[in-house]
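First comes the structure, then the notes that go with it.
Computed from the coordinates by the stated procedures, all read-outs in this text should not be read as laboratory data. Computed from a prediction, not measured in an experiment: that's the story for all the values here. Glycine also receives a Cβ, built like all others from the backbone with ideal geometry; neighbour counts cover every protein chain displayed.
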Amino acid sequence: MRSPRPLPADAPCPGPIAGAPFPQPTFATPAVPKEFWDEVCPPEDRAVVHSDEINAHMLTASAAQLTQAWVDHLARVPARCIEIDPASNQIFDF
């Protein structure tokens, strides 16, 4: 009996996770519908975070260091609900 042919490691998961470029930005619905967000997070319970507040001084940081910096920063935000400013840069931009 012949052995199965080897498959590349990324065969079951093609796309950006395997190193392919991200597709061009397209409109996508928010992760949380606006109506629900407005109901559970009124404006007085929200904080807007700009990615540059955290990322600007971490230009050579690893993904683990960047993630920890975000965890630490978000733990200090007193608001119950957090929005990432859509005008700011991506959190992971490498």
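Starting from the Cα of residue 69, step 7 Å along the direction of its Cβ; do the same at residue 91; then give the gap between the two resulting points in nm. Each label point lies 7 Å from its Cα, and together they span 1.4 nm.
The alpha carbon gyration tensor of segment 50-94 gives principal lengths a ≥ b ≥ c with a/c of 1.5 or higher and a/b no greater than b/c, which makes the shape oblate. With neighbour counts taken as other beta-carbon atoms within 10 Å, the residues 46, 76 rank, fewest first, as 76, 46. Extension gain, residue 50 to residue 35, is 3.1 nm, computed as 0.36 nm per intervening residue step minus the present C-alpha separation.
Ranked for footprinting exposure by Cβ neighbours inside 10 Å, fewest first, 37, 70 give 37, 70. Under 5 Å from the amide H of residue 84 lie the amide H atoms of 49, each residue being 5 or more positions distant or on a separate chain, with H modelled from the backbone and absent for Pro and chain starts.
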